[in-house]
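Below is one structure, written out as structure tokens; comments come after it.
Just so you know, all these numbers are worked out from the coordinates, no wet-lab data involved. Nothing here was measured: the structure is a model prediction, and the numbers come from that model. Neighbour counts run over all protein chains shown; Cβ positions are idealised from the backbone, glycine included.
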């Protein structure tokens, strides 16, 4: 279990987190959503001992990160920024990590295949796309097969199939009994994969709700364009979605509601997605109603470029 109690942090003299408390249980994905990236990042950094807590604590199975005998096998971490030295290849980076923690090197090639990097394992990280770097970061987090995962905004650079892949990875980890904490600024994207949704506003927790309740009561609106748009229109209508063609600056788009964003994305993948934009307003309204108060508006999800 990841146990955060009354945690407060500062950046210089500026308060960032204010008495934040949350628990991430084994077998669950907990999403922390914040319109201010620094707040969620500070939470992640405090959990793994990189930001000092002014008050409170962040514990991994009852112990602070700094006291763990083998951090890599206890907590898998993905922080913002480059996951590896740019001059290293993906394979060399994971081998370097494995050697430093006395892990078997044979796990490296298995992991590279698992995260879809087997064919580019010999390419230097500097030549990776942002999505490939996220995959390498996830492989790095999984290297020690830890029981806890702390991932800072991993969906930020992922579109279409890459985002779907990561959601499946997170759910598989939870199914294996892992405790997973994931952050980001898109309520819609994170609610689609989480068991619980925690929303930060001005450094404090303003909502902590069951994600299934959010998904059941809210349906976002998705605006998308695809190469085979006519066929996609027919499929979405047959699935029970409300689909309306809209004229935009980029041509005719489809405005889709009545289904979860994940179902819309899964349906559209095979039709050549050109762009896809999801609004979080419906989820935010539902979350505010369940929480009994105002919830800060988080950024709308904008993805595109998958073909």
(request) Return the distance in nm (one decimal) between the two label points of a simple spin-label model at residue 237 and residue 106, each offset 7 Å from Cα along Cα→Cβ. (result) 5.6 nm
(message) Contact order normalised by length for the range 196-242, with contacts defined as Cα pairs under 8 Å and 6 or more residues apart; what percent is it?
(response) 21 percent
(request) Equivalent ellipsoid semi-axes for the chain, as square roots of 5 times the alpha carbon gyration tensor eigenvalues: give them largest first, rounded to whole Å. (result) 32, 26, 16
(message) Report the Cα centroid-to-centroid distance between the range 248-262 and the range 85-111 in angstrom, as an integer.
(response) 42 Å
(request) Give me 97, 142 ranked fewest to most by other Cβ atoms within 10 Å of their Cβ, as a rough exposure proxy. (result) 97, 142
(message) Over the range 130-249, what is the relative contact order in percent, taking alpha-carbon pairs closer than 8 angstrom and at least six residues apart?
(response) 16 percent
(request) Could you please state, rounded to a whole Å, how far the C-alpha centre of the range 10-35 is from the C-alpha centre of the range 177-218? (result) 11 Å
(message) Could you work out the relative contact order of the range 2-215? I mean the mean sequence separation of Cα pairs under 8 Å and 6+ apart, divided by the number of residues, in percent.
(response) 31 percent
(request) Quickly estimate the mean residue ellipticity at 222 nm for the chain, helices only: each DSSP H run with n ≥ 4 gives -39500 (n - 2.57), and the total goes over all residues, rounded to 500. (result) -10000 deg cm²/dmol
(request) Sort 165, 96 so the one with the fewest other Cβ atoms within 10 Å of its own Cβ comes first. (result) 96, 165
(message) Between 161, 187, 224, where does the largest GNM mean-square fluctuation fall for the chain, given springs only between Cα atoms within less than 10 Å?
(response) 161
